[in-house]
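Chemist: Take a look at the following structure, please.
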Amino acid sequence: MSIINDNVNNDNNGKNSFSIEIDNNCVGCGACVPFCEQEAITALGNATIDTEKCIECHVCVDYCTIGAIKVITK
């Protein structure tokens, strides 16, 4: 499993952190790519996310057809 974004989102208690991960099931199909308004996803081989462009909207998670992109709450 590869971590592609490791950021902190604070809730009212300042305790909610998460990472976005792409597991080994990613086949690079590109189904997630057109839904990223920030053009942060590249799918050549396994998908990758450009952390400089990503705004952490998690749309890629919803449109991954095989469930390989996940939000992991720490």
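Chemist: In segment 8-39, how many are modelled with pLDDT of 50 or more, out of contact with any Cys (no Cβ under 7 Å at 6 or more places or on another chain) and of a type outside the set (A, V, I, L, M, F, W, C)?
Modeler: 11
Chemist: A further question follows. When segment 30-53 is examined, which residues are found to be under 21 Å from Ser17 (Cβ atoms) and either among the β-branched types (Val, Ile, Thr) or outside any loop (DSSP other than H, G, I, E, B) (or both)?
Modeler: Listed by number, the residues that qualify are Ile49, Thr51.
Chemist: Something else now. Please work out if Glu56 is of a type outside the set (A, V, I, L, M), in contact with a strand residue (DSSP E or B) (Cβ under 9 Å, 6 or more places away or on another chain) and not in a loop (DSSP other than H, G, I, E, B).
Modeler: In short, no.
Chemist: Applying the selection to segment 37-63, what residues are surrounded by 15 or more Cβ atoms within 10 Å (Cβ to Cβ) and small (Gly, Ala, Ser)?
Modeler: Ala40, Ala43, Ala47 - these are the residues of segment 37-63 that are surrounded by 15 or more Cβ atoms within 10 Å (Cβ to Cβ) and small (Gly, Ala, Ser).
Chemist: Restricting the search to segment 38-72, which residues are free of Cβ contacts under 8 Å to residues at least 24 places away in the same chain and farther than 18 Å from Gly28 by Cβ? So that I can check it myself, show each step before the final result.
Modeler: Quick first cut of segment 38-72, residues free of Cβ contacts under 8 Å to residues at least 24 places away in the same chain only: 38-45, 50, 52-53, 55, 57.
Result: Gln38, Glu52, Lys53, Ile55, Cys57.
Chemist: Here's a check for you: in segment 64-74, which residue that is assigned to a loop (DSSP other than H, G, I, E, B) and surrounded by fewer than 16 Cβ atoms within 10 Å (Cβ to Cβ) is farthest from the chain's Cα centre (by Cα)? Give the steps one after another, and end with the answer.
Modeler: Initially, segment 64-74 is screened for residues assigned to a loop (DSSP other than H, G, I, E, B), giving 64-68, 74.
Those left that are additionally surrounded by fewer than 16 Cβ atoms within 10 Å (Cβ to Cβ): 65-67, 74.
Details: Thr65: 13, Ile66: 13, Gly67: 11, Lys74: 15 Å.
Within segment 64-74, the match that is farthest from the chain's Cα centre (by Cα) is Lys74.
Chemist: OK, next. Write out, first by first residue and then by second, each pair whose Cβ atoms fall under 6 Å of each other, whose residues are 6+ apart or on separate chains, and whose first residue, in segment 10-37, is on the phi > 0 side of the Ramachandran plot while the second is modelled with pLDDT under 90 and outside any loop (DSSP other than H, G, I, E, B).
Modeler: Gly28/Ala43; Gly30/Ala43
The values are calculated or read from the model by the stated rules, or taken from the named source; none is laboratory data. Remember, predicted model here, so these are calculated numbers, not experimental data. For neighbour counting, all protein chains shown are included, and Cβ atoms are generated from backbone atoms with ideal geometry for every residue, glycine included.
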